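Single-structure report; data block below.
Just so it is clear, none of the values below were taken in a lab; they were calculated from the coordinates. Treat the numbers as computed from the prediction; the structure is a model and nothing was measured. Backbone-built Cβ (ideal geometry, glycine too); neighbour counts: all protein chains shown.
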Amino acid sequence: MSTNTYINADCVITGNRIYKNGRPVFDDQAAAAPDFLVSAYRHFDLQYPKFYKMDHTSRLGWLANELLLQEGFQKEKYRPEEVGIVLSNSNSSLDTDIRYYETVQSIPSPALFVYTLPNIVIGEISICHGFKGENAFFVSEQFDTGFIEQYVNGLVNNNILQACICGWVEWLGNDYRAALFLVEKMKTANSVIFTAENLNKIYQIENG
Amino acid sequence: MDKLISDLKSQIVTQLNLQDIKPEDIGDDQPLFVEGLGLDSIDALELIVLLQQQYKIKLSNADEGPKVFRTVRTMAEYITAHQAQNS
């Protein structure tokens with residue numbers, strides 16, 4: 001039986017600006033795109049040295065997830081198998097594929113090679129937090145909010161997951177956007193109903 | 001040897017993207033893996049690439065790896081021995 005599921009937190013990173021639950025929380029217009037992530041990492045005093053070894057896509061997704069789960073997410077309420085991750089983007093791991101290909105001309109870089117799959121960002125988040133639930137990474141031309149709503153609701157309503165981190169994590173060249181959503185069954189004071197329309201609205205936050 | 005050890009520390013920090021660590025923070029005899037710098041298996045591969053790129057040394061015998069990459073000093077000793085052999 002289908003029941004309501006809720007977006008209990010969201011985090012959008014785009015245009016060198018970070019929004020948490022609809023409010024801008026960090027901005028650094030002077031930084032180049034890759035440096036912006038490091039600037040944000042230091043600003044929020046995050047402590048995870050592996051961050052520096054990640055490719056751009058994983059850094060972006062990991063950072064968005066850290067801010068998404070800060071203040072509010074009660075990890076201890078769930079077993080590791082009950083928290084899953086469903087992400088998507090349009091260019092897969094192309095940004096890193098290109099950089100890896102450049103190293104192949106001389107000596108291939110093992111550190112880059114391990115990031116030549118888009119779902120590695122899911123692994124980075126899962127390892128960091130110990131999440132062991134269902135996960136998937138979909139590649140689609142645009143953020144298909146209808147599909148994400150249906151897929152995640154399927155997992156939650158069938159009790160495969162109790163909480164799901166879902167959304168979009170894309171990095172190519174200097175263009176990037178992350179929009180992550182924490183979806184749970186439990187309603188809180190700031191919940192919005194998990195619908196494609198609400199996902200779209202938050203995803204395009206900078207357009208008002 | 002001191003110069004080589006110092007160069008290696010800088011190269012390790014750059015090659016492995018250890019942005020929170022300064023080269024001078026790495027001890028000459030500090031273990032690089034597990035309880036020391038905490039490097040992992042991918043880092044080990046990057047160290048092999050470092051030897052190849054910077055010192056033109058190909059580690060042909062994988063069994064040598066744990067001994068060669070134990071500390072910065074053992075790496076420097078391996079490089080020095082290899083260079084002496086080929087000079």
(Q) Debye calculation, C-alpha points only, no solvent: report log10 I(q)/I(0) for the protein assembly as shown at q = 0.06, 0.10, 0.14 Å⁻¹, in the same order as the q values. (A) -0.24, -0.62, -1.01
Q. Is there a pair in A:Lys20/A:Lys50; A:Lys77/A:Lys187; A:Lys132/A:Lys187; A:Lys53/B:Lys9 whose C-alpha atoms are over 20 Å apart, and which pairs would that be?
A. A:Lys20/A:Lys50; A:Lys132/A:Lys187
Q. Which order results if B:Lys67, A:Lys185 are arranged by neighbouring Cβ count within 10 Å, fewest first?
A. B:Lys67, A:Lys185
Q. What GluC sites (Glu not before Pro) in segment B:20-87 are in a loop by DSSP, with at most 12 other Cβ atoms within 10 Å of the Cβ?
A. B:Glu35
Q. Residue separation times 0.36 nm, minus the C-alpha to C-alpha distance between A:Lys132 and A:Gln74: what's the value?
A. 19.3 nm
Q. GNM, chain B, Cα, under 10 Å: largest mean-square fluctuation among B:Val13, B:Val49, B:Val34?
A. B:Val34
Q. Which values, in whole Å and largest first, are the semi-axes of the equivalent ellipsoid of segment A:91-160 obtained as the square root of 5 times each eigenvalue of the Cα gyration tensor?
A. 30, 16, 6
Q | Over segment B:2-85, equivalent-ellipsoid semi-axes from the Cα gyration tensor in Å | A | 18, 14, 12
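For a footprinting-style exposure proxy, rank A:His129, A:His56, A:His43 by other Cβ within 10 Å, fewest first.
By the 10 Å Cβ count, ascending, the order reads A:His43, A:His129, A:His56.
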(Q) Place a point 7 Å from the Cα of A:Ser90 along the Cα-to-Cβ direction; which residues of segment A:45-64 have their backbone N under 18 Å from it? (A) A:57
Q. If R0 is 41 Å, what FRET efficiency do you get for B:Thr14 and A:Thr3 from their C-beta distance, rounded to 0.05?
A. 0.20
(Q) Taking the number of other C-beta atoms within 10 Å as the exposure measure, put A:Leu87, B:Leu39 in order starting with the fewest. (A) B:Leu39, A:Leu87
Q | Degrees, to the nearest 10: B:72-85 long Cα axis against longest axis of chain B | A | 10 degrees
(Q) Can you tally the net charge around A:Asn65? Count Lys and Arg as +1, Asp and Glu as -1, for every other residue whose Cβ sits under 13 Å from the Cβ of A:Asn65. (A) 0
**Q.** Lys, Arg +1 and Asp, Glu -1 on Cβ, resulting dipole of the protein assembly as shown about Cα centre, debye, nearest 20
**A.** 240 debye
Q. Once both axes come from the Cα atoms, what is the angle between helix A:145-157 and the longest principal axis of chain A, in degrees from 0 to 90, rounded to 10?
A. 60 degrees
